[in-house]
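Everything below concerns the one structure shown next.
Read the figures in this text as sums done on the coordinates, not as results from a lab. Every value quoted in this text rests on a predicted model; they were computed, and no experiment measured them. So basically every Cβ, Gly included, is an ideal-geometry build from the backbone, and we count neighbours across all protein chains shown.
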């Protein structure tokens, strides 16, 4: 039945001729997946007013908001032709597609119907719609309905506003161009996978960090085919299969790749074709390692400072009480002095961590040989009795941040102040497989395995598990920000701390 516009698809039938509006409305309603409202205009002038394309409308469409989604126009009207209707549609703020119905004489239609950009041409023979009997009005209406269904978008996808195509073909091309630019220019890792969870498309935009730099490392492969580190590939792969099978999306899931120390925020949804057929999934992943590192830095700083403040202040208070009750003043003052020094060191290290957390600059070519030599000179000035054996060749240039000297200071300072007996430290720097490896060997007590586990993330930090100080955390975060690594080992009665940095490339 013909109804007033109430949403769905609003079709304007112009100069219908022998087409039955009731049958057209019913046929279109059956052909599309949305409610259909049909309005009738007897003349071109009436159609122009309804479309909103006349000169007085300033391209704004109908004031009452009843925009036309599709126009079906007979070619001949009392006051013009379907070409005039097409011009009015083209002048509208949101041009609707125009389907033209033209009389076919000897299977020929007016040349204008094929020369002009109509959305579709439905030939209407003198004996009915092309190939139909004269009394088959339903057949004629079905031809028109099929043309409308092909011309009007199916309503799937996001809501659209502003100036965009209204016909299905142009809108599909418009959306495809947006998709292409989104995948080409937006700096996010986006991907499309087939029903076997194999990558079939990967964004090409420059992304600061993702697992692999180029799309060739992804295409045709599943996560378990080496795309994701083997130890961590199973879970994201099973997530892919679950999304594809069930249609349940995964939204903003935090994924940790512990082997590389990286975090990603991942969303993925099932990909379905226009016919509802499952084709795979689409997804996006954003690296959030920096954010997770900052969260951990805050957590660590909070625990360590709270622990240190409580312990050292208890020492201060206890020493004061002993002095008040007649205890030895000199020894208690010495305890207070030691506790105060520890508090000052903790505050200094906290500031260093804040400097690393906030505004950490990008890695640049850095002369590691010169940086190590400078820190060694500083170390000897502070600890003239320490014995330092250094094997540091000149000209080892790495990719590092400006805070790299802070990590070097912490490692070398700890090697001296925690030494049992005379401080003996050996330092060796070498190039190895595209990296620079700095090994610092000391004679200090072993670093507790629990502290190393907390440092590497294998054990969660809490009031029972935390590092005794912030020094190792400074080393850990500074080196990680350089895309390097830190390793701890025990050899010949001492600790060996190994810092590895990527060598600077000529492009840098």
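If a/c stays under 1.5 just call it rounded; otherwise compare a/b with b/c (prolate if a/b is bigger, oblate if not). Do that for region 359-441, with a ≥ b ≥ c from the square roots of the Cα gyration tensor eigenvalues.
The shape class here is prolate.
Relative contact order of region 186-287, please, whole-number percent, based on alpha carbon pairs below 8 angstrom and at least 6 residues apart.
Normalised by residue count, the contact order of region 186-287 is 28 percent.
Kindly put 239, 103, 389 in sequence by how many other C-beta atoms sit within 10 Å of each C-beta, fewest to most.
389, 103, 239
So how do 70, 482, 320, 444 line up by other beta-carbon neighbours within 10 Å, fewest first?
Going from sparsest to densest Cβ surroundings: 320, 444, 482, 70.
Normalised by the residues of region 361-508, what does the relative contact order come to in percent, with Cα pairs under 8 Å and at least six apart?
Answer for region 361-508 is 27 percent.
State whether region 186-287 is rounded, prolate or oblate according to the following rule on the C-alpha gyration tensor (a ≥ b ≥ c being the square roots of its eigenvalues): a/c under 1.5 gives rounded; otherwise a/b larger than b/c gives prolate, and the remaining case gives oblate.
Prolate.
State whether region 361-508 is rounded, prolate or oblate according to the following rule on the C-alpha gyration tensor (a ≥ b ≥ c being the square roots of its eigenvalues): a/c under 1.5 gives rounded; otherwise a/b larger than b/c gives prolate, and the remaining case gives oblate.
Since a/c reaches 1.5 but b/c is at least a/b, the shape of region 361-508 is classed as oblate.
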